[in-house]
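Below is one structure, written out as structure tokens; comments come after it.
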Amino acid sequence: MSSADSSGGTGGNSGSDNSGGSGTSSGGGRGAGSGGSGNSGGIGGGGNTLGSAFAKMFSGTLVSRILGMVRLLVLLAALGSMGQADAFNVANNLPNTIYNLLAGGVMNAILVPQIVRAMRRKDGGTEYLNKLITLAGSILFVATVVFTVAAPLLVILYAGQMDPGWRAVAIAMALWCIPEIFFYGMYALFGNILNARGSFGPYMWAPVMNNVVSIVGLFVYIWVYGRAADGSGGSPADWDAARIALVCGVSLLGVASQALVLIPPLRKSGVRFRLDFRFRGAGLSGASRMAKWAFAGLLIGQVGFLMLSNVGAAANGVATELQNAGDPSYLGIATTTAYTSAFVVYMLPQSLVTTSLVTAIFTSMSAKAAAGNGLGVRQDMSRSLRILGVFTMFASAAMVVLAIPVVQTVLFTTREGSVSAFAAVLAALCIGIPGQSIWTVVQRVSFAYEDAKTLAFIQIPMSLLIVVAGFAAIFFLPPQWWLIVAALANSAGQYLGGLIGYLSLRTKLPSLDGSRTLRTYIRLTLAVVPAALAGWGALSLWGPVSAGFFDAFLKLAVIGLLMLGIYLGLLRLLGVEELEQMVGPIRRIVNRVRGRGGGPGPGGGAPTPG
């Protein structure tokens, strides 16, 4: 029911994600921004164009994420947080996982740089796009058929330790969900073409259609079958063909609508597609070489996600045994649903800023790399890292400190006994928020230089961390800790990959601007630590954990504002200039919503040079 995650993280980040992918855009016109140095005003030198792109993507992602959270809440009400929910999440994560493995990162790695170059041809890249869409669509169709037939094997691979009854349900659900692979791929393909041609909004707004279809379908399910809290669907025997078709058919319809809604914007942008199977001499060889290494990296990354998935399934097996024995301690075990739900919340703040900003800069960065402008690429990278750090450092601290009230507020349908388990997984993931933003920026710089090989090798230690941690947790720790430890390893992998990848860019750029970036992050740390300590202290003084929504919301609002006030005050005291560059585009969006003019206004344009 959600778009495939294309954040580009490790395999552990292959869960559902409504971000709308990682399409890229910047500059206007028919493709890339200039190959200039980037001194003209925004991060990518696009000035107000970049600010406009960021604003469109931010607003589309915001609406999509809000609806995505509504969808998650309705899903929890319909299916609960264990058993049937775990079966559905295993089945519904398979198309995300397979798509990311086969094409997700490959498309995000190769499409924009290749399309930018193709648009410089005499025909504006029309022939290239026809061949590219034909080839990609054919591969996706064949892969979808093959993996749908292999659904039972895939469920066993990713959830072999799940309770046998629920595993059988998951297999039946997977037969409906796996065809989503084709539509995920076409959505990413269409969206990247639009972004490369300077049309930014549709890609980020398309998931809104997906979420609307999913929400309506889930309400229909509740109307027909009732809520999980009332005992609906609590046994594998309850799940006949009609019930499975309703839940999973709606999921498939939502993803299909997300892809098909991009066809009108494509035609409006001038794309007139026709099938063209004459691939020889089309200039696809460069894309093919890069795709092989991008695929290798994703394959390595999937090892990490495979471990995470099986850890969650093993926890489900233990929890089901305890539940059948009447032991209430099963509620304290984090299973697949806890990880999937926590991952959606974890991605919420990041997709609004990190994905939007990196997406907005990638086309410009690719054009500068193609023009041999290493200084311009370095400036884009440095500014992106520093500006994103302002946001991600606070987001990480706030989500970790306030994990319990966040779960109680955002996932308020979660059962009281499971809140702590959900919150622990969420906190473990959120520790890695700054690391993921660094890793994402590093990936985009490498992709701009058409280097997926280095990233593939970096994925090896990232995945090994998760595998080692997963086995260690299962062998040495109680099941309550299994997914928490695996999620912590995923976060550690983000930092490791970001650091190694950043240092590897020394062979591509004239310099890394490392001292300036390091100074900024030191200042950010000096600002965020007191804010986090103050938030933790206030939360401790507030009193015992309450199950009430309004009490949790009040904690979230009051303590969150306290932490934010301390953080912003210290940033200004420490002279962190990137603060204004971070809030400028967001202020512009707020001003538009409040009706205070359509122009950028003071500080409302794109992030200014840093």
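Odds and ends about this structure:
- Among 199-208, 233-242, 66-75, 249-258, sorting by the average number of other beta carbon atoms lying within 10 angstrom of each residue, highest first, gives 199-208, 249-258, 66-75, 233-242.
- Proxy reagent accessibility, fewest Cβ within 10 Å first, across Arg516, Arg243: Arg516, Arg243
- At R0 = 22 Å, FRET efficiency that the Cβ-Cβ distance of Leu157 and Leu299 yields, to 0.05: 0.95
- In this simple spin-label model, placing a label point 7 Å from the Cα along the Cα-to-Cβ direction at both Ala371 and Ile460 gives a separation of 3.7 nm.
- Of all aspartates and glutamates in the structure, the ones whose alpha carbon falls short of 18 Å from that of Lys292, not counting any fewer than 8 places away in one chain, are Glu450, Asp451.
- Among 448-461, 471-484, sorting by the average number of other beta carbon atoms lying within 10 angstrom of each residue, highest first, gives 448-461, 471-484.
- Once the Cβ-Cβ distance of Ala150 and Trp536 is raised to the sixth power relative to R0 = 41 Å, the FRET efficiency obtained is 0.30.
- Hydrodynamic radius (Kirkwood) for the stretch 361-482, which is based on Cα pairs only, to one decimal in Å: 17.1 Å
- The modelled label-to-label distance for the pair Val468/Val63, using points 7 Å beyond Cα in the direction of Cβ, is 4.7 nm.
- Here the spin labels are modelled as points 7 Å beyond Cα on the Cα-Cβ line, and at Phe553 and Trp223 they lie 2.6 nm apart.
Where a number appears in this text, it was derived from the coordinates with a stated rule and is not lab data. The structure displayed is predicted, hence computed values, not measured ones. All Cβ positions, even for glycine, are placed from backbone atoms using ideal geometry, and neighbour counts span all protein chains on display.
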